[in-house]
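K.L.:
Dropping a structure here in structure tokens format, bear with me for questions.
Throughout, read-outs are computed from the coordinates displayed, never taken from laboratory work. A quick note: this is a predicted structure, and the numbers were derived from the prediction, not measured. Note: ideal-geometry Cβ built from the backbone for every residue, glycine included; neighbour counts use all protein chains shown.
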Amino acid sequence: MDSIQQEDQSLLEKFAQTNDQIWLARLFQKYEHLIYGVCLKYSKDVEWSKDLKSQIYVKLLAKTTDLQVDSFKNWLYTFCKNHCLDEIRKKNRSNSALDKFRKFQLSAFDNVYFNSEQRLIVEEDKKALQETLAKAVESLSEQQKICMDLFYFKRLSYIEIGQELGLDIGQVKSHLQNGKRKMRIFVNQQFRHLI
């Protein structure tokens with residue numbers, strides 16, 4: 001075992017013994033460039049890669065307490081790759097009514113020769129979508145609204161949101177996931193007739 005592997009193993013052991021996230025955070029920061037690179041390689045999306053990187057940290061919290069590997073770096077690469085592939089599969093499977101509605105809108109814009117009635121319909125659709133999204137946001141709890149705002153508009157990471165709001169990463173992730181789910185259900189119900 002070389003010195004890098006020994007250092008990694010030492011940090012893993014300290015985290016397992018103390019359950020103090022500082023040890024895992026040090027290990028995570030050491031390989032953050034590798035994690036982000038793997039996420040970017042598979043997702044091909046800068047913003048989604050940041051989300052995936054945060055998700056990986058949360059998953060590492062649960063996995064590393066009893067982890068025994070010869071090479072943490074090699075294990076981490078495989079772990080990241082598998083997580084990214086799982087998330088890509090999930091994303092491909094979800095074909096919600098909102099996605100169908102967006103496709104419907106885009107196909108409406110393909111025709112450049114709109115008459116005045118067609119332009120009015122497209123404008124009404126855009127307005128209806130904006131109103132529906134605003135109502136969907138209002139249906140969220142206060143914590144979900146704040147977390148969604150900090151994550152999607154202010155581009156803070158799970159860790160930064162947790163620090164700002166005094167929440168642990170699991171709570172932040174839960175607020176974001178539940179908020180997205182509530183909004184998706186709300187929008188799906190509003191536009192179900194377009195499917």
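K.L.:
In nm, give the distance between the simple-model label positions of Q21 and S174, each being 7 Å from the Cα along the Cα-to-Cβ direction.
P.N.:
It works out to 1.4 nm between the two label points.
K.L.:
HN-Hα J couplings of region 156-161 from phi, Karplus 6.51/-1.76/1.60, θ = phi - 60°, integer Hz, Gly and Pro as x?
P.N.:
Karplus-based 3J(HN,Hα) across region 156-161 equals 7, 7, 4, 5, 5, 5 Hz.
K.L.:
For a footprinting-style exposure proxy, rank I56, I159, I4 by other Cβ within 10 Å, fewest first. Intermediate values should be presented prior to the final figure.
P.N.:
Values: I56 23, I159 17, I4 12.
Least to most surrounded, the residues fall as I4, I159, I56.
K.L.:
If each of Q189 and R89 carries a label point 7 Å out from its Cα toward its Cβ, how far apart are those two points in nm?
P.N.:
Label at Q189, label at R89, 3.1 nm between them.
K.L.:
Would you mind ranking I22, I88, I161 so that the residue whose beta carbon has the fewest other beta carbons within 10 Å leads the list?
P.N.:
Values: I22 11, I88 15, I161 24.
Lowest to highest Cβ neighbour count: I22, I88, I161.
K.L.:
Which FRET efficiency, nearest 0.05, do A134 and L165 yield, Cβ-Cβ r, R0 22 Å?
P.N.:
Working: r = 23 Å, r/R0 = 1.05.
Taking R0 as 22 Å, the efficiency between A134 and L165 is 0.45.
K.L.:
Would you mind checking which residues have amide H under 5 Å from L167's amide H? H placed 1.01 Å from N; only 5 or more apart, or other chain.
P.N.:
none
K.L.:
Could you give log10 I(q)/I(0) at q = 0.15 Å⁻¹ for region 3-93, computed by the Debye formula over C-alpha point scatterers of equal weight, without solvent?
P.N.:
So the normalised log intensities work out to -0.55.
K.L.:
Ok, one more. Taking the number of other C-beta atoms within 10 Å as the exposure measure, put K73, K44, K53 in order starting with the fewest. Walk me through the numbers before you get to the answer.
P.N.:
Values: K73 14, K44 10, K53 22.
Lowest count first: K44, K73, K53.
K.L.:
Can I ask one more? For every other residue with a beta carbon closer than 11 angstrom to the beta carbon of K145, add +1 if it is Lys or Arg and -1 if Asp or Glu, then tell me the sum.
P.N.:
Details: positive: K182; negative: E138, E142, D149.
Value of the local net charge: -2.
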